[in-house]
Amino acid sequence: MSAPTRSESAALLHALDEAFGNAAWHGPSLRAALRGVSAKEASRRPGSGHHSIREIVLHVAYWKNRVRQRLTGDARGSFPIPGKNWFSRPAASEKEWREERRLLEREHGSLRRAVAAFSQARLRKPLPGTRRRTALREITGIALHDVYHTGQIQLLKALQGKR
């Protein structure tokens, strides 16, 4: 296995940026998919036992926070909403929905800064407290997580008759 390079780190940052906010060849980024979605639309469930756009956004923000904590080894600044993974939420006001999108933006920015500062020499080494989970796997995984959930959001919007 070859040693990680600066270009590998740049590629990881590019993947994070493309999945989250930059123009992407695969379709809209997560940020673009959320543009124009109202609180009412974000709160709507497609059926019993299925997640709303709002819940997906909070789930994605939560996992950005968790991956950042894994990379930095810092448990401070825990996720600001009680609970973990999925957050069942009632209908949101526009103000609450705006704040949740801002939370997603903040968590992405914190994650991006952690990735940019992460030691190249440690990219392929197990993270503390794990036997096989590497930073490389966590970072690529969280970028793919954005893409996966962006697809879900696009489907939920289509079910609502929104493009």
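The values are calculated or read from the model by the stated rules, or taken from the named source; none is laboratory data. The structure displayed is predicted, hence computed values, not measured ones. Quick reminder, even Gly has a Cβ in these numbers, built from the backbone with ideal geometry, and neighbours come from all protein chains shown. The protein model used for the area step is the full one, side chains on, heavy atoms only, and it has no ligands, DNA or RNA in it. Shrake-Rupley method; radii C 1.70, N 1.55, O 1.52, S 1.80 Å.
Each of the chymotrypsin sites (Phe, Trp or Tyr not before Pro) that DSSP puts in a loop and that has at most 13 other Cβ atoms within 10 Å breaks the chain; the longest unbroken stretch is 87-163.
With a ≥ b ≥ c the root eigenvalues of the C-alpha gyration tensor of region 1-60, is it rounded (a/c under 1.5), prolate (a/b larger than b/c) or oblate? Since a/c reaches 1.5 and a/b is larger than b/c, the shape of region 1-60 is classed as prolate.
Please tell me the relative contact order of region 27-91 in percent, rounded to the nearest whole number, where contacts are Cα pairs under 8 Å and at least six residues apart. Don't skip to the end; give the middle numbers.
Values: 39 pairs, mean separation 22.7, N = 65.
The value is 35 percent.
Which whole-number value in Å² is the accessible area per residue of region 29-108, probe 1.4 Å?
Working: 4110 Å² over 80 residues.
Roughly 51 Å² per residue, with all protein chains present.
For region 26-33, backbone phi angles converted through the Karplus equation (6.51, -1.76, 1.60; θ = phi - 60°) give residue-by-residue couplings of 7, x, x, 6, 4, 4, 5, 5 Hz, Gly and Pro being listed as x. Quick note on the chain: its Rg to Rh ratio, both from C-alpha atoms and Rh being the Kirkwood radius, is 0.99.
Counting lysine pairs in the chain that sit 8 or more residues apart in sequence, or on different chains, and whose Cα atoms lie under 17 Å apart gives 4. Residues whose amide H comes within less than 5 Å of that of Ala24, counting only those at least five positions distant or on another chain, are Ser29 (H built at 1.01 Å from N in the peptide plane). Per-atom-type breakdown for region 102-163 gives carbon and sulfur 54% of the accessible area (1.4 Å probe, protein chains only).
How high is the relative contact order of region 1-142, in percent, with contacts defined as C-alpha pairs under 8 Å that are six or more residues apart? Result for region 1-142 is 31 percent. Counting protein heavy atoms only, region 7-75 has 55 percent of its accessible area on carbon and sulfur, 1.4 angstrom probe.
For region 104-145, the fraction of alpha-carbon pairs lying more than 16 Å apart is 38 percent, rounded to a whole number. The 1.4 Å probe gives accessible areas that order Arg70, Arg122, largest first, as Arg122, Arg70.
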